[in-house]
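Notes for the one structure printed next.
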Amino acid sequence: MLTAYFDDSGTHGNSDVVLWSGLFGNGFQWEHFNNLWAAKLKDPSPTKDPLKRFHMAECYASDGDFLRWSRTATDFLVHELVDIIIKCGLYADAAAISRNDWDDLVKGDLRVTLGDAEGYSLRMAFVRASKWARKMGETELAFVFDRRQEREREGKRIYQLFDSFSKIEPTAVKPVSFVFSDSYNTLPLQAADLVAWHQYQYAVEYLKAGGKLKGPSSRQLQRLSKGGRVKQGFASRSAIERMVALEIGNEQRIAQAAELITATPEEFERKFNAPLPASQKHSLES
């Protein structure tokens, strides 16, 4: 079975970009990863005390457990941690969303269905992880998200949608579990945080450059992206405009999807399994 670990970045209210990034691997990869990462936390750098956890923002700012660390020391630790991610052969994917453009263009039932900018990135986390699992030839996928209390209800509903869909679609990847955890107790979430932080920095650069960047300036993200193991999508204004335009004429379907997103657990089962109206059934069969 495969497991995907997700962390968010840019989810503070005044950020221009928001994303959820996932780090993917199988049981053998994660076992190897946990051993290497735990060893590095115990001996992070010469003359430095063991770390309780790694947090990229604190590391970059030389704050928290990294107080009085030099830039050379923090940069080298990040380099070694990236080595571990590469050595374990892990994959990563993220969906970055331009927050202001999303808020300006996505309204009404479409917004309820797709969520706000962070909510859409959360939905895409499920989609992109499922695509990766299918590409790997796997049929089951476990989801672990960094704890964000304000997103737990929404995340559980999205998981319920994917789970229900997998029961009626034979080729769908089956989501077998969905949990929110914390990075102190779940080491892969620390690595997901490292990757998400670098992808967020690149997304901000990309937005400021008007989408004209050819690749990330970060040496560590360049290393991670080599060979196509780490990928990143970006929903710019033009991409969001195209997506909204494609939904014109689908108002009834969007309204029904919005009902599923906002339904109680009892209502969800009834509405998801309700037969299609005759007009929609005919359109699907024609």
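Quick note: the coordinates plus some simple rules give every number you see, no bench work behind them. Quick caveat, the model's predicted, so the values are computed rather than measured. Using ideal geometry, Cβ is built from the backbone for each residue, glycine included, and neighbour counts are taken over all protein chains shown.
Relative to the dominant Cα principal axis of the chain, helix 251-262 is inclined by about 60°. Computed over the chain, relative contact order equals 27 percent, with contacts defined as Cα pairs under 8 Å that lie 6+ residues apart.
Extending each Cα 7 Å along its Cβ direction at His12 and Arg147, get the distance between those two points in nm, one decimal. Going from the His12 label point to the Arg147 one covers 2.1 nm. Residues His198, His32, His55, arranged from fewest to most other Cβ atoms within 10 angstrom of their Cβ, appear as His32, His55, His198. DSSP assigns beta bridges within the chain; of those with both partners inside it, close to 45 percent run antiparallel. Note on Ile86 and Lys226: the model spin-label points, each 7 Å out from Cα along the C-beta direction, lie 0.4 nm apart.
Normalised by the number of residues in region 105-243, the mean separation of alpha-carbon contacts (under 8 Å, six or more apart) gives a relative contact order of 20 percent.
Subtracting the Cα-Cα distance of Asn100 and Ser62 from 0.36 nm times their residue separation leaves 10.7 nm of extension gain.
Exceedance of the 24 Å cut-off in Cα-Cα distance is limited, within the set Lys87/Lys212; Lys131/Lys167; Lys135/Lys167, to Lys87/Lys212. With the simple spin-label model, which puts each label point 7 Å out from Cα in the Cβ direction, the Ser70 to Ser164 separation comes to 5.8 nm.
Calculated [222 nm] ellipticity per residue, helices only, for the chain: -17500 deg cm²/dmol; basis is -39500 (n - 2.57) per DSSP H run with n ≥ 4, divided by all residues, nearest 500. Diagonalising the gyration tensor over the Cα atoms of the chain and scaling each eigenvalue by 5 before taking the square root yields semi-axes of 36, 22, 16 Å, largest first.
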